[in-house]
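Beneath this line is the structure, given in structure tokens, with notes to follow.
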Amino acid sequence: MRLSLEFGGGLELLLKESVKLHQVDVIPKSSEDKVTMRDLLSWVKGNLIKERPEMFIKGDSVRPGVLVLINDCDWELCGNLDAELEEKDVIVFISTLHGG
């Protein structure tokens, strides 16, 4: 499944390639033909994060202070970890945490 991922607010610095926009192909699990946000976060942790995953992931979700949008809609309105993604969806991750 082809997805667009965008990382902002400093999260892009945690990735293997420190760029904000990524076009990725995520394969659904064999028993399902859907990809959920839970699946995507696991994929991102295993394939894109190069350092300090604890700054992005906490447990099986994003760390508090990371805003997640699915097609410009807050993921909390879409089902959080259980939100089902579709081909060409755009998922944005923005850190609202800043050092001082």
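For the chain, the fraction of 1.4 Å probe accessible surface lying on carbon and sulfur atoms is 49 percent. Since only S61, L48, G79 are under comparison, the one whose Cα sits farthest along the positive direction of the charge dipole of the chain, derived from C-beta charges on Lys, Arg, Asp and Glu, is L48.
Over the chain, accessible surface divided per residue gives 59 Å², non-protein components excluded, 1.4 Å probe.
For the chain, what is the percent of antiparallel DSSP beta bridges, rounded to the nearest 5?
Numbers: 17 of 22 bridges.
Roughly 75 percent of the DSSP beta bridges within the chain come out antiparallel.
The aspartates and glutamates within cross-link reach of K45, meaning a Cα-to-Cα straight distance under 19 Å and a gap of 8 or more places when in the same chain, are E6, E12, E17, D25, E54, D60, D82, E84, D89.
Fully extending the segment from E87 to D33 would add 18.3 nm, taking 0.36 nm per residue of separation and subtracting the current Cα-Cα distance. Compared with the dominant Cα axis of the chain, that is its longest principal axis, helix 37-47 is turned about 60°.
For segment 80-88, 3J(HN,Hα) computed residue by residue from phi via the Karplus equation (6.51, -1.76, 1.60; θ = phi - 60°) reads 6, 5, 8, 4, 8, 8, 10, 3, 6 Hz, glycine and proline entered as x.
Database remark: amide H of L15 closer than 5 angstrom to the amide H of K50 (H placed geometrically; neighbours at sequence offset of 5 or more, or on other chains; Pro and chain starts carry no H).
Taking one quarter of the surface of the convex hull spanned by the alpha-carbon atoms of the chain gives a direction-averaged projected area of 6.1 nm².
Backbone amide hydrogens, once placed in the peptide plane, bring T36 within less than 5 Å of L85, excluding anything fewer than 5 places away on its chain.
The values are calculated or read from the model by the stated rules, or taken from the named source; none is laboratory data. Everything numeric here is computed off the predicted structure, so don't read it as measured data. For neighbour counting, all protein chains shown are included, and Cβ atoms are generated from backbone atoms with ideal geometry for every residue, glycine included. Please note that ligands, DNA and RNA were not included when accessible areas were found on the heavy atoms of the full protein model with its side chains. Shrake-Rupley method; radii C 1.70, N 1.55, O 1.52, S 1.80 Å.
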